[in-house]
1. Which of B:Pro186, B:Pro203, B:Pro11 ends up with the largest GNM mean-square fluctuation for chain B, with Cα atoms connected below 10 Å?
2. For A:His94, what residues show an amide H to amide H distance below 5 Å, using hydrogens built from the backbone and excluding near sequence neighbours?
3. If I build a Gaussian network model for chain A, linking alpha-carbon pairs within less than 10 angstrom, which residue out of A:Lys248, A:Lys28, A:Lys280 has the largest mean-square fluctuation?
4. Quick check on the protein assembly as shown: take the gyration tensor over C-alpha atoms, sort the square-rooted eigenvalues as a ≥ b ≥ c, and tell me if it's rounded (a/c under 1.5), prolate or oblate.
5. In the range B:176-191, which residues have a backbone nitrogen under 13 Å from the label point lying 7 Å from B:Ala52's Cα in the Cα-to-Cβ direction?
6. Would you mind checking which residues have amide H under 5 Å from A:Ala119's amide H? H placed 1.01 Å from N; only 5 or more apart, or other chain.
7. From the backbone phi of the range B:249-263, what are the Karplus-calculated ³J(HN,Hα) couplings (6.51 cos²θ - 1.76 cosθ + 1.60, θ = phi - 60°) in whole Hz, Gly and Pro given as x?
8. Along Cα→Cβ, 7 Å out, is where each label goes; now give me the distance between the ones at B:Glu67 and A:Val327 in nm to one decimal.
Amino acid sequence: MARIFAYIAHKGGVADDSAAELAAAAKKIDAGASPVAVVTGWGPDLDAVCESLRSSYSEIWKVANQAIAYPNAELVRQALVNVIPRDSIVLVPHSHFGIDLAPGLSIKTNSAFVSDVLAIDGTDGTSLKVVRQEFGGQVSAHVRCDISSGAIISIRPGAFKPVESSPLAGVMVDKSAEVGALTAARRYLETIVAEAGDVDITKQNVLVSVGRGIQEQDNIAIAQELADALGGAVSCSRPVVDAKWLPKSRQVGSSGQTVKPKVYLACGMSGSFQHLAGIKGNPFIVAINKNPKAPIFQVADVGVVADILEFLPELTEKVREVKGISV
Amino acid sequence: MEILVCVRRVPDTSENEIQLSSAGNDIERDDLVYSVNEPDNYAVEEAIQIAANAGGNVTVVTVGSEEDEEVLRREMAMGANQGVLLSDDAFAGSDGKGIATILKALVQKGHYDLVLTGTQAEDGGAQVGGMLAALLDYPFASLVNAITVLDGGKLKISREIEGGNREMSEIDLPCVLSIQTGINEPRYVGMRGIRQVASVEIPTFGTSDLGVDPASVGTAGAKVKRTDYFMPVLGKGAEILQGSQEEIIDQLIELMKAKGGLN
């Protein structure tokens, strides 16, 4: 059985949630596996992350190099190619970093690549059977992957529940000397922090969140009237921002804002995992969509099968009546 | 600047309800509405804008069959200068590396300064761009949401990272970038535009034209194979409110009151 490695994403000296999720995924490949945590970086932050992993990984490979103090995937890839033995299985999070790293890593290690995996059925030693989603989550697919010369598997964030186990006493192995020379034709300059918007959707009790089903910019007013009546705000999913109907600061999701309202009205949206990743704190989710098969109905608490353009104005009317708002 | 944009024709998920075929090993493809993969359309628009500002040509390419020519023509109607179809029976069943291997051969036949792909295909996994770059030994960046052409054979690029933040980098040409939706506003293509390019010849290349070993692509070369499709197992699932619209609204009002959304 190939050795399993988990690439640990981290920031500010703290390992990402994916660290525990990758350990859980490794156990699904091989229940007896002792995956190795691979941590790249530099300085005290790197040391702190490695130390924090000793209770959850039996072996931690520390890869210290000043050139990868910031995780530029082009440089991290070169380091991993030199450090990780051939024919291994390498798990990476399917995040903005993993998307940057994993495809090229699979080519340079001559490994198979499966991305955005959300379940693992198991392995017979030469192939691995996994589950992916296609077409915006409308259908799932079983995928068989030849792992005889190794595999890079990117794991969907949140798909694998961390397993509770007694704390390990992880061994630290310093692999920094094996990194070799790192040169990148892509150089990191800076991170530009998102501008605050006119409305802070992260601090609302109620969000009326609209997706593609709102159809056109003028219809945003329909959602705004409901939000006003409820004393909340309008947020949205990615297609609404792409169409420039609402500013980026209103977008909920992994590439937008993380929100934690009490009630979340998901209106005319499919409910992609990237969008759902931005909803925290277990709010009461109401899905309103005219397509009864929309994936959002799988995660919502209650659903209404209706066209939002007809339904929302009626709901607004009733909310105003209940609250005694006259317009 | 010579720019190559890799595009795909995919079922449009905003227009279709995807169902399984009766055999269960594929989706039901009859009556599907196909269109150009959405992020790819943004990539073509970006290429057209770069070429308009910095000079140069835009070539659109797809790996597929004659049916896929329609997306090449659509992108040519947008303003791409030419289209190329890569088609061969040996390409069928290619995994991500197979597609990247075919595209690599085309890139090496020409002289491209910049190769763009969409971030992800509806039925793909954000893989081909990064694989193509690694096969070519070109630098790569994914999730690109802004591009500025700099002097000296370089670009300044912005990547979309968490929380709406942007990671700024400088990247040397030639390079491969995968483009995120929202980077621009793709122009509208009317029927008239498509008619104007309807008779333009689109060259087609197969394994021998490209010098691709048939054993390295298609089913023969694929390490990753989809065995079957299935409908996702529903979780607990939402309780679907029943009744007339008025009754549904009354139930919803009570629920929102109980959950702290209305007081």
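1. Maximum fluctuation in the GNM of chain B, among the listed residues, is at B:Pro203.
2. A:Ile155, A:Arg156
3. Result for chain A, Cα springs under 10 Å: A:Lys280 fluctuates most.
4. Verdict is oblate for the protein assembly as shown.
5. B:184-189
6. Result for A:Ala119 returns A:Val131.
7. Calculated HN-Hα couplings, in order: 5, 4, 4, 5, 4, 4, 4, 5, 4, 5, 9, x, x, 8, 8 Hz.
8. For B:Glu67 paired with A:Val327, the spin-label model returns 4.6 nm.
Every number in this text was worked out from the coordinates using simple rules, so none of it is lab data. What you are looking at is a predicted structure, and each value in this text was computed from that prediction instead of being measured. Quick reminder, even Gly has a Cβ in these numbers, built from the backbone with ideal geometry, and neighbours come from all protein chains shown.
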